[in-house]
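Before anything else, here's the structure in question.
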Amino acid sequence: MRSRRPAWLWLFAKEWRELVASRSFWVMLVAIGPLVGVSFMSAVRTYAEVSGLGGTAAGVGEALSPLIGVWAPTFSACELAAVFLLPFVAIRLVGGDRQSGALKLELQHPMPAFGHVVAKASVLLVGWLAASIAPVVAIALWRSYGGTTFVPELATVASGHLLNAGLTIGLAAAAASMTEHPSTAAIVTLSVTVGTWIINFIAAVQGGIWERLANYTPTAMVAEFQHGLLRLDLVLISLALIATGLALSAVWMRIGIPVHRRSIESLVVAAVATVAIAGFTKAHASWDTSENRMNSFSEADEQALRKIHAPLRIEAHLAPEDPRRADLERRSLSKLRRVMPEVTVDYISSTSIGLFEQTREHYGEIWYELGGKKQMSRITTAEGVLESIYAIAGISPPAENDESIFRGHPLAAPPKGAGIVFYGIWPIVVVFSSFLMRRNI
Amino acid sequence: MEARSATAIAGCRLEIAHLFCFTFRIAPWPTQSVRWALDFVLGFWGGEKDVRDQVVRDLDIAPLLGSPIGTLSKGQRKRALLAIGLLMPQAILLADEPFDGLDLRQTRDIARVLRSHASAGRTLFLSIHQITDAARVCDRFVLLSGGRIRGEGTLDELSVLAAGRGASGSGADLEEVFLALT
């Protein structure tokens, strides 16, 4: 009599057992509790102080959003875990079968190598979801303090970190299959991660193509999600990168295939991925899920901007490291691109910091060109940018509506009990679960 | 070892879907128990569950079922791996050095199990360095030396071939035949 359970279910069960049996997985689970805990407690304490706890100025907290005040820093612990802990768990699961020789048996099954890799990646994602219980506990604690939560923005933040974990898994899987030893795979994975940080650094200094490239590094992607912004291009590109990593892993996982053939297959995978990613950069849809609409202009402004159909060209004479440029980009242009897809922005500067360009005649100027008309302004605030655009487009600014202004959710409560939960109960529960689950496998 | 490399053994074309290759130089799923490994093999590859108890009995691995594969001794692991191989549904098994590292008693026990499976209709390709071990279990031989086939056939056929090349000594001794042909 044969088993009725399909082969892929057996494979998933096997991968799950292998994950549960690995110490690295439990180490990650133990570590993520205190990591999330220290970030959460620090954020809640600061949030409480700004909200008036301990005699600080009451009323400041009226502009506070838990998304930026609490959840972005709390979930940042997940980013740390995804960079420094998850790769080792993934490499252990993907490279372990090669080390033990199990791969020589498993790959003789008719199931394609990609199926084996997908099974491993799926189980790793389930493992990551288990690790994500730590921020869920933080959310429960926040609610118990009387804090408010806005589900769409929380879901976006969590999705961003899930995608980031997927990227780590794809990268680690490819590295584990392409290298002979897990330690080499770990070095390769961390090197790629550090490489993305270097891209971010160069982008901040030099701008240009590096700045465009840096928009798609995991750090930049997570930052967008942490602001409650769900961008279709980022989601699609992340999924494409994850699929690329898994496909490369499948290509190099097979045993006995000549290296030149695997290299050619890898080039094909890379070419397909490049075309797909280039296509996905054209997807402009995005959704601002933050409660305080921090990625959007007011609804009235957005309606007014949507009436402008002519292409808008902006030429900003600001250096990459000039704080005004970051201000302009974050507070205005990123919001503008979401409403007006026909916006072209060119930054012009001779140096990276702009310090020695201040005395130049045109430095600091921001030129707007719409329908043959040109206008110059030096204001980088959202109000200033909108004012210039309305003026050049010849439309009246919409009336201000105080009702639509976000009033914030101040909460002057200390992180009571969080220390016991994250530094005491969490590790004990994880160690106990580890003991129980490993005993039963 | 890779299934593809076994597609042409001794001039025979083999269908990969019907062939399973295994080596004893591995310790697959080291943290998992032998019991789980046997169940996984049956479930994942779709082998016959009814064969499991027979294989466990034949190889005397019942006391090892609860032990993690990574903790087994070389001889124990070899028996567990052989059980895994024998539970595979493929009609043809290719095994690399099944007797390497075993004492005489263990070698005889495993040879007996392999013979019984061969008698039941399964084809076994065994890669063996020890000529006496090969003579103990195999019906047909492919003698390799220096990467080339030096002779192929039953012991009687190889003896005739060796005699044709002027070999002396016992015609039924595979070692002498091998020395004569290589």
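Read-outs: derived from the displayed coordinates by stated rules, not from any lab. As the structure is a prediction and not an experimental result, all values here were calculated from the model. FYI the Cβ positions are ideal-geometry reconstructions off the backbone, even for glycines, and counts take in every protein chain you see.
May I ask you to evaluate 6.51 cos²θ - 1.76 cosθ + 1.60, the Karplus curve with θ = phi - 60°, for each residue of the range A:19-28 and list the ³J(HN,Hα) values in order in whole Hz, giving x for glycine and proline?
5, 5, 6, 7, 5, 4, 4, 6, 4, 4
Mean residue ellipticity at 222 nm from the helices of the protein assembly as shown, using -39,500 (n - 2.57) per DSSP H segment of n ≥ 4 over the full residue count, to the nearest 500 deg cm²/dmol?
Helices in the protein assembly as shown give a 222 nm mean residue ellipticity of -17500 deg cm²/dmol.
Local charge sum around A:I353 (other residues, Cβ-Cβ under 11 Å, Lys/Arg +1, Asp/Glu -1)?
Here the count lands on -2.
A further question on this structure: According to the square roots a ≥ b ≥ c of the eigenvalues of the Cα gyration tensor, what is the shape class of the range B:45-123, taking rounded for a/c under 1.5, prolate for a/b larger than b/c otherwise, and oblate for the remainder?
Here the range B:45-123 falls in the oblate category.
Given the options A:G408, A:G101, A:G127, which has the most mean-square fluctuation in a GNM of chain A, springs set between C-alpha atoms less than 10 angstrom apart?
A:G101
For a quick check: with amide H placed at 1.01 Å from N, whose amide H comes under 5 Å from B:G151's, ignoring anything fewer than 5 positions away on the same chain?
It is B:L143, by chain and number.
In the Gaussian network model of chain A, springs joining C-alpha atoms below 10 Å, which of A:L167, A:L411, A:L80 carries the largest mean-square fluctuation?
Sorting by GNM fluctuation, first place goes to A:L80.
If you fit an axis through the alpha-carbon atoms of helix A:72-84 and take the longest principal axis of the Cα set of chain A, what angle between them do you get, 0 to 90°, nearest 10?
Long axis of A:72-84 versus the principal axis of chain A: about 40 degrees.
A further question on this structure: Is the C-alpha gyration tensor of the protein assembly as shown telling us rounded, prolate or oblate? Criteria: a/c under 1.5 is rounded; beyond that, a/b larger than b/c is prolate, otherwise oblate.
Here the protein assembly as shown falls in the prolate category.
Let me ask you something else. For helix A:259-280, what angle does its Cα long axis make with the longest principal axis of chain A, in degrees from 0 to 90 and rounded to 10?
The two axes meet at around 30 degrees.
Would you mind checking the tilt of helix A:113-131 against the longest principal axis of the Cα atoms of chain A, expressed as 0 to 90 degrees and rounded to 10?
So the helix axis and the longest Cα principal axis differ by about 70 degrees.
Also, quick follow-up: Please arrange A:D322, B:D53, A:D301 by how many other C-beta atoms lie within 10 Å of their C-beta, fewest to most.
Numbers: A:D322 24, B:D53 10, A:D301 21.
Ascending number of Cβ neighbours within 10 Å: B:D53, A:D301, A:D322.
With a point put 7 Å past each Cα toward its Cβ, work out how far A:A283 is from B:T182 in nm, to one decimal.
Modelled inter-label distance: 6.1 nm.
Residues with amide H under 5 Å of B:F24's amide H, sequence separation 5 or more or different chain, H placed in the peptide plane at 1.01 Å from N; which?
Those qualifying (amide H under 5 Å, at least 5 residues apart or on another chain) are B:D96.
Still on this structure, please answer the following. For B:T132 and B:R148, calculate 0.36 nm times their separation in residues minus their Cα-Cα distance, and state this gained length in nm to one decimal.
Extra length from B:T132 to B:R148 when fully extended: 3.7 nm.
OK, next. Using R₀ = 45 Å, calculate the FRET efficiency as 1/(1 + (r/R₀)^6) where r is the Cβ-Cβ separation of A:N401 and A:A276; round to 0.05.
Working: r = 42 Å, r/R0 = 0.94.
After rounding to 0.05, the efficiency reads 0.60.
Check cross-link reach from A:K282 to the lysines: straight Cα distance under 21 Å, and skip same-chain residues fewer than eight apart.
A:K335
Which aspartates and glutamates does B:K49 reach when only Cα atoms under 17 Å apart count, and residues fewer than 8 places away in its own chain are ignored?
B:D39, B:D58
Report, for chain A, the % of DSSP beta bridges that are antiparallel, rounded to 5. Intermediate results must be reported in sequence, preceding the final value.
Details: 13 of 18 bridges.
In chain A, approximately 70 percent of DSSP beta bridges are antiparallel ones.
Turning to a different aspect of this structure: ³J(HN,Hα) across the range A:145-157 via Karplus (A = 6.51, B = -1.76, C = 1.60, θ = phi - 60°), whole Hz, x for Gly/Pro?
Rounded to whole hertz, the list is 7, x, x, 9, 10, 10, 4, x, 6, 5, 5, 5, 4.
For a quick check of your reading of the filter: which trypsin sites (Lys or Arg not before Pro) in the range A:307-377 sit in a DSSP loop and have no more than 14 other Cβ atoms within 10 Å? Working shown, then result.
Numbers: sites: A:K307, A:R313, A:R324, A:R325, A:R330, A:R331, A:K335, A:R337, A:R338, A:R360, A:K373, A:K374; in loops: A:K307, A:R360.
Answer by residue number: A:K307, A:R360.
Leaving out same-chain residues fewer than 8 places away, which lysines sit with a Cα under 20 Å from that of A:K120?
Within the straight-line limit of under 20 Å, A:K120 reaches these lysines: A:K14, A:K104.
If the elastic network links every pair of Cα atoms under 10 Å, which of A:A412, A:A48, A:A310 fluctuates the most in the Gaussian network model of chain A?
Ranking A:A412, A:A48, A:A310 by mean-square fluctuation puts A:A310 first.
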